[in-house]
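The values are calculated or read from the model by the stated rules, or taken from the named source; none is laboratory data. Keep in mind it's a predicted model, so treat the numbers as computed, not measured. As a convention, Cβ positions derive from the backbone with ideal geometry for all residues, glycine included, and neighbour counts pool all protein chains shown.
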Amino acid sequence: MKITKKVLSVLLAVFLMAGCAAMALAAGGNLNDSITWNYDESTQILTVSGTGDMPNYGGQNSPPWYANNYRVETIVIEDGVTSIGFAAFYSCKTLKTVTIPASVKKIEGYAFYGTALETVNYAGSKKDWNNIQVDDSAFSKIDSATGAASAIEFTIHYNYGAIVCPWCGGEHTGFFGGFVGWIHGILATIFGAKY
Ligand SMILES: [Zn+2]
């Protein structure tokens, strides 16, 4: 009887600790019917997944990660999401890196306002990026001393995450490209991958 009690209390303690750890490490939920979010505190990565446009925020309507705005360092928007909502990452002061899929066609106003953004990893080409409808205020900040608005300066890495040919380092798409890629794959197998 005594042993059982002890075992039960140990089990209970383990459950409670596991519960607390889970609460501290992850948060997430739905933004709308087709888009979900997840924040992993251990990596400080906020991930937005799903299909279609993200909701717009602002005013009394804060995004659900607003409480973590001072901790998020990386945002990953997954393929399928077609817009980045108004004021979605407004004032994420610790944000340094965002990954944007080629599916995004619109970046709404103040989306990255007041962030410390340094790097955008973009899955599409430079041409694709220029075709995105980006609001003027999407990547802006206010100088605390002068009160003047300016653009956040960041680096864009195009074709991020693209599968690179092990032989020529390029990308092979389409029927003919696929054939060239196949040949290059054989060359890489025989002579060893160069990339
Ligand atoms: Zn190649």
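Scanning region 90-101 for residues that are buried (at least 19 other Cβ atoms within 10 Å of the Cβ) and within 18 Å of Pro64 (Cβ to Cβ) yields Tyr90, Cys92, Leu95, Val98.
Looking at region 162-189, I want the residues that are on the phi > 0 side of the Ramachandran plot and have a partner that is more than 8 Å from the ligand (Cβ to nearest atom) and not aromatic (Phe, Trp, Tyr) with Cβ atoms under 9 Å, at least 6 apart or on another chain. Which pairs are those? Once the first residue is on the phi > 0 side of the Ramachandran plot and sits in region 162-189, its partners that are more than 8 Å from the ligand (Cβ to nearest atom) and not aromatic (Phe, Trp, Tyr) give Gly169/Lys194. Just wondering, is there one or more residues in region 53-70 that are in a strand (DSSP E or B), closer than 25 Å to Gly124 by Cα and modelled with pLDDT of 95 or more? No, that holds for no residue.
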